[in-house]
1. For segment 86-93, take each phi angle, set θ = phi - 60°, evaluate the Karplus expression 6.51 cos²θ - 1.76 cosθ + 1.60, and give the result in whole Hz per residue in order, putting x for glycine and proline.
2. Taking the Cα centre of the chain as origin, sum charge times position over the Cβ atoms of Lys and Arg (+1) and Asp and Glu (-1), and report the length of that vector in debye to the nearest 20.
3. Would you mind checking which residues have amide H under 5 Å from Leu163's amide H? H placed 1.01 Å from N; only 5 or more apart, or other chain.
4. Could you check what % of the DSSP bridge pairs in the chain are antiparallel, to the nearest 5?
5. Which ³J(HN,Hα) values, rounded to whole Hz and listed in residue order, are derived for segment 54-62 from phi using the Karplus coefficients 6.51, -1.76 and 1.60 in 6.51 cos²θ - 1.76 cosθ + 1.60 with θ = phi - 60°, glycine and proline given as x?
6. Label points 7 Å out from Cα along the Cβ direction at Leu265 and Tyr161: separation in nm?
7. With r defined as the distance between the Cβ atoms of Asp198 and Ser222 and R0 fixed at 25 Å, what FRET efficiency is calculated, to the nearest 0.05?
8. Through the Karplus equation 6.51 cos²θ - 1.76 cosθ + 1.60, θ set to phi - 60°, convert the phi angles of segment 178-194 into ³J(HN,Hα) values in whole Hz; use x for Gly and Pro.
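The values are calculated or read from the model by the stated rules, or taken from the named source; none is laboratory data. Nothing here was measured: the structure is a model prediction, and the numbers come from that model. Here the Cβ positions follow ideal geometry from the backbone for every residue, glycine too, while neighbour counts run over all protein chains shown. Calculation scope for accessible area: heavy atoms of the full protein, side chains included, ligands and nucleic acids excluded. Shrake-Rupley method; radii C 1.70, N 1.55, O 1.52, S 1.80 Å.
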Amino acid sequence: PRTALIAQVHPSQHRRLRWFLMVYTINMSDKYKAVWVSHSSMGDFIKCPRLYYLHNVYKDPRSGNKVAIISPHMSLGVAVHNVLENLVNFKKEERFSRDLFADYEENWKKVSGKIGGFESDAQEAEFKERGRVMLEKVIENPGPLARLTVDFYKGDFLPNYWLNGEDDNIILCGKVDWIEYLDDGTLRVIDFKTGKHDEKEGSLQFPIYHLLLNNLQKRKVSSAAYWYIDRDTDLTEAQLPSVEESFKMVYEVAKQVRDARAKNLYECPSGSEGCTHCRDYEKIIKGEAEFVGKGEYKQDLYIV
């Protein structure tokens, strides 16, 4: 509480602390009134504005929570990502002296059963084994995970900044899977992929990461790569647009999201029938999906 914090500070600093807390509160209030955009939310908007609304804006009037559809592929990705991303908290010499399979078991508990979208024990066992195989490949060929990295996160802080100044009311945020510190002092951004398909051309993922790192830390980002850990032991280099190109790509979509929210207009390109992207979320609204529990960020999770 604010009063408790002030009480711990010398009386001579009370006025300065009150001023700081007032400014901080105002700034945070302004930030939370802004339109926050990320790779996942803008990806939803590009697929279908109606999907963006149902996944990122709509709240169930009964619970007051946002809604999300869970699937076995998503749960597999979450469990594996959590194990690998957690390695940033350890020195490179210590990372693979850990029991990653024990870490995997702990993370799997969070997605086990229906809350992970699994329809049967056999289906869950199949996906869980896929994750174990991925980790075995990483342990045998750790690649960048055994080299120097940069910890871009502090506690629960989600990297974010005003995309084009406060007047534009857009905040870009995101989390990078892994950042490799290269011998020349530059950085390589790496994204783990647990699915079988390649990332589509024109993805905003690396442009977003480039902008975040360029604006929130001092080192230059020189390259980017995907790691398709379900099938590859090596990185797949990806094109990294310049900072200027990245801004242009991201800002164009971010403005569309901001304007749609301002107008409260989220139309599906396929009309009232819906499309393959928004149709399953419409089933939640119609009561045709099965509620299975609460997610990590307090969303209501459903199986369709």
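1. Using θ = phi - 60°, the values come out as 5, 5, 4, 7, 10, 5, 4, 6 Hz.
2. It comes to approximately 1460 debye.
3. Residues meeting the amide H criterion: Ile170, Ile171, Leu172.
4. In the chain, DSSP labels about 50 percent of beta bridges as antiparallel.
5. Ordered by residue, 3J(HN,Hα) equals 5, 8, 10, 10, 4, 10, 4, x, 6 Hz.
6. According to this spin-label approximation, the distance is 3.2 nm.
7. According to the calculation, E is roughly 0.65.
8. Along segment 178-194, the couplings run 8, 10, 8, 8, 8, 4, 8, x, 9, 10, 10, 8, 10, 10, 7, 10, 9 Hz.
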